[in-house]
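Trainee: Got a structure for you, written out below as structure tokens; questions coming shortly.
Each value in this text was obtained by applying a stated rule to the coordinates, not by laboratory testing. Keep in mind the model is a prediction, meaning the values are calculated, not measured. Methodologically, a virtual Cβ is constructed for each residue, glycine included, from the backbone with ideal geometry; neighbour enumeration extends over all protein chains shown.
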Amino acid sequence: MTPLKFRDFLQTPIRQPLIMGILNVTPDSFSDGGQFLSVPAAVLAARSMVDAGADLIDIGAESTRPGAVPVPAIEQCRRLIPVVQALRSLGGLTISIDTTSSEVARACLDEGAHMVNDTSAGMNDAQMLPLIADRKVPVVLMHNQGSPATLEAPPAYSDVVAEVKRFLRERLDAARQAGCADEQIIVDPGIGFGKTTAHNIQLLERLSEITTLGRPVLLGTSRKRFIGEITHTDAPVDRVFGTAATIAWGVANGADILRVHDVGPMKQVVQMICAIQFSRKNGFAGGERGL
Ligand code: HH2
């Protein structure tokens, strides 16, 4: 796993989906909050995700869960920069920064982070897209309706897939106008962000429509609440098999990057779906025999 591989991935039409491991250096994230606040704990978690097959690590210092308190840029930097520095010193890791603040993104890119994951698609901070254009780094533009403080308000769409797609097309245009090249841009339907369980399921059902935007699609379903509602699992850690089903579906329907907490199990899911896809296209011969 090298940053070069990630750049190659963005530029080649034939690609294997990548696994993005989630590392939240927050006290309050919905699933892993408080676990990786110290630098050694964060580095250990990143290393074990890479060993388990993560292609890139997405580090966030501000929870996006409903009701989460916004974290000032200075505090996000205080949490992120030592982790970025430590991971950079290990070498060979592709580091993504999950932030909507251009100040935080700039500081982390200065320390050697490779890309930015902006869950506001550049809407929160007018300096974000010009920064991405200037630094020529990949960016994730995610659909979002409302801020964490308002995410609990009942979301309404007449056609959630069409509206998400229209929003992503508009944000792609905004990124181009700011000077970003298409090759830098990854799109994300924003599973769970201002959406009911039914909206999330419809987005998964029609995920292939998002791929027609012509950019790599990131899918972030990992351990989310809609899985809990359907599988009757209250604790996010109990949603691994439900998550695996969404990852299998996502890969089969064109997702290019899977943002997950449980890297090892989801890597297996991706490998198996890719083998089946390969067989459908090219045939599959050989391998071991028996149970
Ligand atoms: N989901 C979360 C955070 N960032 N980024 C993208 N691009 N897509 C997502 O679906 C996405 C995201 C929420 O998950 P998590 O980071 O585990 O929780 P929290 O926001 O509470 O830290």
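Trainee: Where the second residue is away from the ligand (no atom under 16 Å from the Cβ) and of a type outside the set (Gly, Ala, Ser) and the first is at positive phi and lies in segment 41-66, which pairs have Cβ atoms under 9 Å and are six or more apart or on separate chains?
Mentor: What qualifies is Gly53/Met1; Gly53/Lys267; Gly53/Gln268; Gly53/Val270; Gly53/Gln271.
Trainee: Further question on the same structure: Hey, any hits in segment 236-252 for a residue that's surrounded by fewer than 14 Cβ atoms within 10 Å (Cβ to Cβ), among the aliphatic types (A, V, I, L, M) and over 28 Å from Pro138 (Cβ atoms)?
Mentor: The answer is yes, given that some residue of segment 236-252 is surrounded by fewer than 14 Cβ atoms within 10 Å (Cβ to Cβ), among the aliphatic types (A, V, I, L, M) and over 28 Å from Pro138 (Cβ atoms).
Trainee: Let me ask something else about it. Quick check: anything in segment 84-97 assigned to a strand (DSSP E or B) and within 14 Å of the ligand (Cβ to nearest atom)?
Mentor: yes
Trainee: Which residue is farthest from the ligand (Cβ to nearest atom), if the candidates are limited to segment 26-63 and must be among the β-branched types (Val, Ile, Thr) and within 16 Å of Val116 (Cα to Cα)?
Mentor: Among them, the one singled out is Ile57.
Trainee: Please specify each residue of segment 204-254 satisfying the condition of being over 19 Å from Val269 (Cβ atoms) and among the aliphatic types (A, V, I, L, M).
Mentor: Ile210, Leu213, Ala235
Trainee: Tyr157 fails exactly one of the following numbered conditions: (1) surrounded by fewer than 18 Cβ atoms within 10 Å (Cβ to Cβ); (2) among the aromatic types (Phe, Trp, Tyr); (3) within 16 Å of the ligand (Cβ to nearest atom). What is the number of that condition?
Mentor: That leaves (3) as the condition not met.
Trainee: Only helices (runs of 4 or more DSSP H) wholly contained in segment 176-291 count here; list those with 1 or more residues that are under 19 Å from Leu56 (Cα atoms).
Mentor: 240-252, 263-282
Trainee: Can I ask one more? So for segment 66-76 (the condition being closer than 17 Å to Ile185 by Cβ and not in a helix (DSSP H, G or I)), does at least one residue qualify?
Mentor: No, the conditions are met nowhere in segment 66-76.
Trainee: Residues that are assigned to a loop (DSSP other than H, G, I, E, B), away from the ligand (no atom under 16 Å from the Cβ) and either acidic (Asp, Glu) or without any contact (Cβ under 8 Å) to a residue 12 or more places away in the chain (or both): does segment 162-170 have at least one? Break it down stepwise before answering.
Mentor: Our first condition is that a residue be assigned to a loop (DSSP other than H, G, I, E, B); within segment 162-170, this holds for none.
Within segment 162-170, not a single residue is assigned to a loop (DSSP other than H, G, I, E, B), away from the ligand (no atom under 16 Å from the Cβ) and either acidic (Asp, Glu) or without any contact (Cβ under 8 Å) to a residue 12 or more places away in the chain (or both).
Trainee: Report, by residue number, each residue of segment 100-118 that is crowded, with 23+ Cβ neighbours inside 10 Å and closer than 18 Å to Leu258 by Cα.
Mentor: Met115, Val116, Asn117, Asp118
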